[in-house]
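Single-structure report; data block below.
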Amino acid sequence: MSKNTGKHIMANCKKCGKEIYFLKTKNDKLIPVNRDSISVVDRIAMDNGRDVMFQYGTHISHFATCEFAVEFRINQSKKESK
Ligand SMILES: [Zn+2]
């Protein structure tokens, strides 16, 4: 199983300076997520050392909103509004 690091990863976007959290995807990769889209429940889980999985529709990828992200924008065509 995947390693549990026991700490959440918070950072600032190198481009725009916004606070972001890194969440895990199903592929075990880390994705930067806007802090605004992290719920209190998510943060408590992370504080308790649990991994919070990135969920489309709940978490907003910083790649999608960063004004400097054009260069590293990934394929977001699967985005569905609910
Ligand atoms: Zn940014």
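Laboratory data are not the source of any read-out in this text; all were calculated from the coordinates shown. In this text the structure is predicted, and so the values were computed from the model without any measurement. Counting neighbours? That spans all protein chains shown, and the Cβs are built from the backbone with ideal geometry, glycine included.
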Flagged pairs (Cβ under 8 angstrom, 6 or more apart or on separate chains; first in the range 43-67, closer than 16 Å to D28 by Cα and polar (S, T, N, Q); second part of a loop (DSSP other than H, G, I, E, B) and more than 16 Å from the ligand (Cβ to nearest atom)) are S61/F54
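Being in a loop (DSSP other than H, G, I, E, B) and more than 10 Å from the ligand (Cβ to nearest atom) is the filter here; which residues of the range 56-69 pass it? Steps first, please.
Of the residues in the range 56-69, the ones in a loop (DSSP other than H, G, I, E, B) are 57-58, 60, 66-68.
Correct list: G57, T58, I60.
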Looking across the range 8-37 at residues that are β-branched (V, I, T) and in contact with a helix residue (DSSP H, G or I) (Cβ under 8 Å, 6 or more places away or on another chain), the single one that is nearest to I60 (Cα to Cα) is V33
